[in-house]
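Undergrad: Structure incoming, see below.
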Amino acid sequence: MTSVAPLPSEHLTERQKRLVELGRQFLYPNYRQPELVFTRGLGSVLWDDAGQRYLDFYAGIAVSALGHAHPRLVRALSEQAGRLIHVSNYYFNEPNVRLAAELCRLTGMDRAFFCNSGTEAIEASLKLARRHFHSKGETARLRVIAFKNSFHGRTLGALAATGQDKYRDGFGELPNVTHVSYGDARAVHAALAPDVAAIVVEPVQGEGGVLPAPPGFLKELRQLTNQHGSLLIADEIQTGVGRTGTFLSMEQQGVKADIVALAKGLGGGVPIGAMVCRAALEGALPPGSHGSTFGGNPLASAAALAVLEALTADGILARVKPLGERLGAGLSRLAERHSRLVETARGTGLLQALVLKAEVDARAVLGAFQQAGLLVTIAGGQALRFSPPLVVTEHEIDEALQIADRVLSSYS
Ligand SMILES: *Cc1c(COP(=O)(O)O)cnc(C)c1O
């Protein structure tokens, strides 16, 4: 898969430079892109405009579940684009109703609402929880319990749930959410009161630094919400769609939430988000109370269906656990070998991290990895997050570990 000849590079490098200049001039400068323009990909490999090869171990922030140019996804998209791209939610469309059925089957839920991003899936989940109690006459149940160091998205509602100041600073008051320490069931218990509609939790704090929930914690949240009559919202935007080895990460703890938010890997790179919920909540958002113009459009739905088919019918999901163990074991070996630089390795499935010591410049290490042909991202300040496509091969995992080892050795 990786034996594609490099492109002739000279003038393409010039072209890349011009594109970077154009981007620097006209794009809103809220990101921090390096001087790279990716022009094509195949599986877990990306090529920049100069023909340089990179191992893609970030997958567009845990999005490209099937890697790049996966034949199933390409076929589904081109066939659907030639047939029907958009009709709005005024009418049913075939890929979308099939997707809803398949997603409910895979999550054990009963109803699916579609939107275009993770943030929107959280927004829908929060609105559903509030509206559910409103429709039962409990109009004062508006508060949500969320966790410190969490990430739930950037619209004002999702941002209110997000428990990190770096995302919230400067945006004013973000009300109705109480943040407690992740893993602290006693603090959750103390924060529960009659005005709490829901608890929203990530099974693994992704942006927070790839921190899996402590054993038993999610079960305790389930028990607390049951006792208290409030709802449990699982933010599986990063951990869902097979990323941690099961379709939903919470399955591994034997916990079923009331509402699950999905996005990232769901469309394999095509923007789509979903909120799935139990039948008991189906009356809370009647026609007119919530919606999305693009949500559930045939093109994005066809992409998501192709992803779900590939995960199940092609056996990709079944490979995630062993591949994750290989990656995790390799990162643990690196943590031992380079203990001067690395604090620890942690993660689950194909969501893993190498956590650098506080005094190490994580951004510099990331840059050195990139120079050496390995792409990862930083999460939670010091964690180098490895979230390769779910189609990654054992050979590619070994190659990524070798590159990381070489770069870290050059630092020691
Ligand atoms: C990425 C992410 C979001 C936000 O998703 P967007 O598609 O960027 O809006 C929310 N929650 C979690 C856990 C995420 O990882």
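The values are calculated or read from the model by the stated rules, or taken from the named source; none is laboratory data. Just so it is clear, the structure is predicted and the values come from calculations on it, not from any experiment. All Cβ positions, glycine included, derive from the backbone under ideal geometry; neighbour counts span all protein chains shown. Just the protein is used for accessible areas: all its heavy atoms, side chains included, with ligands, DNA and RNA removed. Shrake-Rupley method; radii C 1.70, N 1.55, O 1.52, S 1.80 Å.
Undergrad: Only one of these is among the hydrophobic types (A, V, I, L, M, F, W, C) and away from the ligand (no atom under 16 Å from the Cβ): Ala335, Ala304. Name it. Give the derivation first.
TA: On the way: Ala304 fails: away from the ligand (no atom under 16 Å from the Cβ).
Testing whether each residue is among the hydrophobic types (A, V, I, L, M, F, W, C) and away from the ligand (no atom under 16 Å from the Cβ) leaves just Ala335.
Undergrad: Arg24: open to solvent by 50 Å² or more (accessible area, probe 1.4 Å), at pLDDT 95 or above and part of a helix (DSSP H, G or I), yes or no? It would help to see each step written out before you state the result.
TA: Details: open to solvent by 50 Å² or more (accessible area, probe 1.4 Å): yes; at pLDDT 95 or above: yes; part of a helix (DSSP H, G or I): yes.
So Arg24 fits the description; yes.
Undergrad: If Tyr31 meets every condition in (1) away from the ligand (no atom under 16 Å from the Cβ); (2) of a type outside the set (Lys, Arg); (3) outside the structural domain of Gly295 (by TED's automatic domain parsing) apart from one, which number is that one?
TA: Of the numbered conditions (1) away from the ligand (no atom under 16 Å from the Cβ); (2) of a type outside the set (Lys, Arg); (3) outside the structural domain of Gly295 (by TED's automatic domain parsing), the odd one out for Tyr31 is (1).
Undergrad: Among the residues that make up the range 239-256, is at least one of them in a helix (DSSP H, G or I), open to solvent by less than 10 Å² (accessible area, probe 1.4 Å) and more than 16 Å from the ligand (Cβ to nearest atom)?
TA: No, that holds for no residue.
Undergrad: Do you know which of the residues in the range 354-404 that are in contact with a Leu (Cβ under 8 Å, 6 or more places away or on another chain) and among the basic types (Lys, Arg) is least open to solvent (accessible area, probe 1.4 Å)?
TA: Taking the candidates together, the pick is Arg385.
Undergrad: Taking the criterion of being among the β-branched types (Val, Ile, Thr), surrounded by 17 or more Cβ atoms within 10 Å (Cβ to Cβ) and touching a residue at least 60 places away in the same chain (Cβ under 8 Å), would at least one residue in the range 333-346 satisfy it? Please lay out each step first, then the result.
TA: So the first thing to find is which residues in the range 333-346 are among the β-branched types (Val, Ile, Thr), and the list is 342, 344.
Then keep just the ones that are surrounded by 17 or more Cβ atoms within 10 Å (Cβ to Cβ); that gives 342.
Now narrow it down to the ones that are touching a residue at least 60 places away in the same chain (Cβ under 8 Å): 342.
Yes, some residue in the range 333-346 is among the β-branched types (Val, Ile, Thr), surrounded by 17 or more Cβ atoms within 10 Å (Cβ to Cβ) and touching a residue at least 60 places away in the same chain (Cβ under 8 Å).
Undergrad: Looking at Ala112, Ala50, Ala65 in this structure, which one is in contact with a Leu (Cβ under 6 Å, 6 or more places away or on another chain), among the small types (Gly, Ala, Ser) and modelled with pLDDT under 95?
TA: None of the others qualify; the one that does is Ala50.
Undergrad: What pairs can you find where one residue is in the range 99-111 and in contact (Cβ under 8 Å) with a residue 60 or more places away in the chain and of a type in the set (A, V, I, L, M), the other is in a helix (DSSP H, G or I) and surrounded by fewer than 19 Cβ atoms within 10 Å (Cβ to Cβ), and their Cβ atoms are less than 8 Å apart, with a gap of 6+ or different chains?
TA: Leu106/Thr312
Undergrad: Is it true that Val270 is of a type in the set (Val, Ile, Thr) and open to solvent by 20 Å² or more (accessible area, probe 1.4 Å)? Can you show your working first?
TA: On the way: of a type in the set (Val, Ile, Thr): yes; open to solvent by 20 Å² or more (accessible area, probe 1.4 Å): yes.
When the stated conditions are applied, Val270 passes them.
Undergrad: Out of Ala129, Ala76, report the one residue that is modelled with pLDDT of 95 or more and outside the structural domain of Ala304 (by TED's automatic domain parsing).
TA: Just one listed residue meets the conditions, Ala76.
Undergrad: Another one. I need every pair where a residue in the range 270-292 that is assigned to a helix (DSSP H, G or I) has its Cβ under 9 Å from the Cβ of a residue that is acidic (Asp, Glu), sequence separation at least 6 or different chains.
TA: Sorted first by the residue in the range 270-292, then by its partner, the pairs are Ala279/Asp110; Ala280/Asp110; Ala280/Asp258; Leu281/Asp110; Leu281/Asp258.
Undergrad: Please go through the range 182-213 and give me each residue that is open to solvent by less than 50 Å² (accessible area, probe 1.4 Å), over 20 Å from the mean Cα position of the chain (by Cα) and among the small types (Gly, Ala, Ser), ordered by number.
TA: Hits for the range 182-213 are Gly183, Ala185, Ala187, Ala191, Ala193, Ala197, Ala198.
Undergrad: Looking at Gly324, is it touching a residue at least 24 places away in the same chain (Cβ under 8 Å) and open to solvent by less than 10 Å² (accessible area, probe 1.4 Å)?
TA: Numbers: touching a residue at least 24 places away in the same chain (Cβ under 8 Å): yes; open to solvent by less than 10 Å² (accessible area, probe 1.4 Å): yes.
It is true that Gly324 is touching a residue at least 24 places away in the same chain (Cβ under 8 Å) and open to solvent by less than 10 Å² (accessible area, probe 1.4 Å).
Undergrad: Here's a follow-up. Looking at (1) away from the ligand (no atom under 16 Å from the Cβ); (2) open to solvent by less than 20 Å² (accessible area, probe 1.4 Å), which is the only condition Phe114 fails?
TA: Unmet for Phe114, out of (1) away from the ligand (no atom under 16 Å from the Cβ); (2) open to solvent by less than 20 Å² (accessible area, probe 1.4 Å): (1).
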